[in-house]
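Asker: Pasting a structure below so you can have a look.
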Amino acid sequence: MKVHSGIKSIPLTLRMNDAVNQEQARTKHMDKLIATGGKPLMGEISISGAKNAALPLMISSLLTREATVISNVPHLNDITTTMELLGQMGVELQVDEKMAIEVNASTLNSAVAPYGLVKTMRASILVLGPLLARYGRAEVSLPGGCAIGSRPVNLHLKGLEAMGTDIIFEGGYIKAKAKRLKGTRIFMDMISVTGTENLMMAATLAKGTTVIENAAKEPEIVDLASALNEMGARIEGAGTDQIVIDGVEELGGTHHRVIPDRIEAGTFLLAALVSGGKIKLRDVQPHHMEAVLGKLVEAGAVIEVGEDWVSLESPEDPIQPVGIRTSPYPGFPTDMQAQFVLLNSVADGISTVVETVFENRFMHIHELRRMGANIELDGNTAVIQGVSQLNGAPVMATDLRASACLVLAGLIAQGETTIDRIYHIDRGYECIDEKLAQIGASIKRIPGGSFANHVDKSL
Ligand code: EPZ
């Protein structure tokens with residue numbers, strides 16, 4: 001396995017101990033964004049690697065003693081958290097200036113994922129399968145719920161128990177042990193992205209064959225399976241609802257490039273449409289975005305696609321309302337729901353948006369109403385009457401995709417919008433303010449410390 005020779009060693013511990021970084025990290029929590037509406041977004045931007053592919057790819061390195069290199073990793077808080085999570089287990093990590101990360105788990109000396117890290121990033125649960133497969137034990141804090149729902153992990157645990165894992169719960173932790181995981185047939189009661197990923201990774205080193213029925217089919221799962229097969233795994237059917245994994249004795253390393261982020265791409269296309277602009281995105285995979293592209297065309301956008309690019313031009317006519325019902329891939333992605341609630345809020349007519357994946361993913365609606373949106377909520381259905389103009393207001397982000405919706409709302413509302421708690425958005429969008437400013441948005445980040453000082457002075 002040829003390890004990426006271009007990686008400069010920037011030891012994680014040095015970076016984390018730097019006092020300035022720590023001060024910035026402390027106050028970064030209070031950063032705000034200020035957006036001023038009215039400018040059409042015009043220009044070209046590059047889309048980053050997909051957060052929801054990079055996280056399992058980095059964690060899959062636990063399955064091998066050899067080094068793996070994951071390139072095209074987005075520079076996001078969740079990536080840093082994953083590096084901290086692996087680092088505190090004794091895993092060696094090196095990152096270069098292009099965010100290619102070399103991960104070497106041969107030095108692993110702990111199988112614990114502590115509450116302090118898991119509570120900031122639920123995807124930490126993904127270490128469970130690899131730790132059990134490689135080391136036969138794991139202690140992972142129960143993730144707990146989050147803003148968008150209770151987010152149980154029962155399907156992950158049920159599948160691992162079916163593969164021969166003994167699980168107890170103690171002090172808020174999942175304590176799991178398995179002599180050697182054994183292949184079996186697992187039917188997923190609900191379609192779960194990380195549930196499928198956790199069990200697929202565990203099965204790569206199990207004894208015998210594992211069949212995952214009713215598996216999730218997201219592109220991020222296909223990307224993970226292709227990386228695992230590069231490492232010597234024997235996985236077939238990723239991207240379909242039946243994945244078959246023949247366990248092997250051990251895995252080697254790989255050098256794998258993360259697929260583009262289809263949600264970041266969809267978010268920027270929608271931003272251009274609602275602002276009456278024109279945009280071209282580079283480094284995308286249009287065939288991962290069919291449901292979203294179809295809805296943007298239905299709303300009136302003029303879209304062109306190439307092999308690794310997508311362009312959008314806004315129509316002369318008013319935006320048309322579009323009915324949305326979220327569902328697992330290849331259906332309409334729940335991670336684009338909040339953005340389309342915004343589109344419908346300024347469309348020419350009435351529409352409904354139904355959220356079927358998470359039980360509490362409409363918090364952006366309360367904030368949009370404060371900006372003048374006309375939305376009625378009825379259970380998991382939002383009924384939206386488009387209005388001609390939103391008005392700027394101070395708003396608060398609550399979860400990753402809701403905060404993206406509020407930033408976009410601020411870019412089209414009359415006047416100024418201040419978005420608070422944007423640490424949510426920094427978890428999933430690489431430098432969103434810089435990328436938006438690059439295409440003409442009037443947006444600026446107010447660093448937490450300075451804002452806090454400003455407020456202190458004015459008191
Ligand atoms: C992944 O979350 C993504 N996160 C989410 O992206 C995304 O919204 C979600 O899939 C749906 O596409 C990552 O990949 C890191 P699920 P995940 O398991 O895997 C229920 C973002 O914005 N369920 O597919 O946690 C669950 O409560 C994030 O980037 C169980 O009941 O989602 C939900 O209702 C947000 N028991 C449904 O299944 C379980 O054991 C789908 O959840 C697991 C899930």
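Asker: Which of the residues spanning the stretch 168-205 are crowded, with 17+ Cβ neighbours inside 10 Å and over 24 Å from THR64 (Cβ atoms)?
Answerer: Residues satisfying the conditions are TYR173, MET188, ILE191, SER192.
Asker: Of these, GLY237, GLY232, GLY208, which one is of a type outside the set (Asp, Glu), in contact with a Lys or Arg (Cβ under 9 Å, 6 or more places away or on another chain), away from the ligand (no atom under 14 Å from the Cβ) and at pLDDT 95 or above?
Answerer: When all the criteria are applied, what remains is GLY208.
Asker: Would you say GLY164 is away from the ligand (no atom under 15 Å from the Cβ), touching a residue at least 60 places away in the same chain (Cβ under 8 Å) and either surrounded by 15 or more Cβ atoms within 10 Å (Cβ to Cβ) or of a type in the set (A, V, I, L, M, F, W, C) (or both)? Even if it seems obvious, please write down each step before you answer.
Answerer: On the way: away from the ligand (no atom under 15 Å from the Cβ): yes; touching a residue at least 60 places away in the same chain (Cβ under 8 Å): no; either surrounded by 15 or more Cβ atoms within 10 Å (Cβ to Cβ) or of a type in the set (A, V, I, L, M, F, W, C) (or both): yes.
Against the criterion (away from the ligand (no atom under 15 Å from the Cβ), touching a residue at least 60 places away in the same chain (Cβ under 8 Å) and either surrounded by 15 or more Cβ atoms within 10 Å (Cβ to Cβ) or of a type in the set (A, V, I, L, M, F, W, C) (or both)), GLY164 does not qualify.
Asker: Quick one: is GLY195 of a type outside the set (A, V, I, L, M, F, W, C), away from the ligand (no atom under 14 Å from the Cβ) and at pLDDT 95 or above? Show your work before the answer.
Answerer: Details: of a type outside the set (A, V, I, L, M, F, W, C): yes; away from the ligand (no atom under 14 Å from the Cβ): no; at pLDDT 95 or above: yes.
Answer is no for this residue.
Asker: For the stretch 142-173, name all the residues that are touching a helix residue (DSSP H, G or I) at 6+ places or on another chain (Cβ under 7 Å), outside any loop (DSSP other than H, G, I, E, B) and at pLDDT 95 or above.
Answerer: Correct list: LEU155, HIS156, GLY159, LEU160, ILE167.
Asker: Can you find, within the stretch 89-107, the residue that is farthest from the ligand (Cβ to nearest atom) among those that are part of a loop (DSSP other than H, G, I, E, B), modelled with pLDDT of 95 or more and not β-branched (Val, Ile, Thr)? Full working, then the answer.
Answerer: Within the stretch 89-107, the subset part of a loop (DSSP other than H, G, I, E, B) is 89-91, 96-100.
Going one step further and asking which of them are modelled with pLDDT of 95 or more, we end up with 89-91, 100.
When the remaining residues are screened for being not β-branched (Val, Ile, Thr), the result is 89-90, 100.
Values: MET89: 19, GLY90: 23, ALA100: 20 Å.
Ranking the qualifying residues of the stretch 89-107, first place goes to GLY90.
Asker: Working carefully through the options GLY145, GLY171, GLY237, find the one that is without any contact (Cβ under 8 Å) to a residue 40 or more places away in the chain and more than 20 Å from ILE125 (Cα to Cα).
Answerer: Step by step, each of GLY145, GLY171, GLY237 is checked, and only GLY237 is without any contact (Cβ under 8 Å) to a residue 40 or more places away in the chain and more than 20 Å from ILE125 (Cα to Cα).
Asker: Being part of a helix (DSSP H, G or I), away from the ligand (no atom under 16 Å from the Cβ) and of a type outside the set (Asp, Glu) is the requirement here; does LEU377 meet it?
Answerer: No, not satisfied.
Asker: Further, regarding this structure: Given VAL395, VAL353, VAL383, which one is more than 16 Å from the ligand (Cβ to nearest atom), in a strand (DSSP E or B), among the aliphatic types (A, V, I, L, M) and buried (at least 24 other Cβ atoms within 10 Å of the Cβ)?
Answerer: VAL395
Asker: Return the pairs, sorted by first residue and then second, in which the second residue is acidic (Asp, Glu) and modelled with pLDDT of 95 or more, the first residue lies in the stretch 149-160 and is over 17 Å from MET121 (Cβ atoms) and surrounded by fewer than 16 Cβ atoms within 10 Å (Cβ to Cβ), the beta carbons are less than 9 Å apart, and the residues are 6+ apart or on different chains.
Answerer: ASN154/ASP189
Asker: Going by the structure shown, is ALA111 more than 9 Å from the ligand (Cβ to nearest atom) and either at pLDDT below 95 or out of contact with any Cys (no Cβ under 9 Å at 6 or more places or on another chain) (or both)?
Answerer: When the stated conditions are applied, ALA111 passes them.
Asker: Yes or no: GLY129 crowded, with 17+ Cβ neighbours inside 10 Å and at pLDDT 95 or above? Outline the logic, then answer.
Answerer: Working: crowded, with 17+ Cβ neighbours inside 10 Å: yes; at pLDDT 95 or above: yes.
In short, yes.
Asker: What number of residues in the stretch 423-443 are out of contact with any His (no Cβ under 6 Å at 6 or more places or on another chain) and within 15 Å of the ligand (Cβ to nearest atom)?
Answerer: So the count comes out to 7.
The values are calculated or read from the model by the stated rules, or taken from the named source; none is laboratory data. Bear in mind that the values here come from a model prediction, so they are computed numbers and not experimental data. FYI the Cβ positions are ideal-geometry reconstructions off the backbone, even for glycines, and counts take in every protein chain you see.
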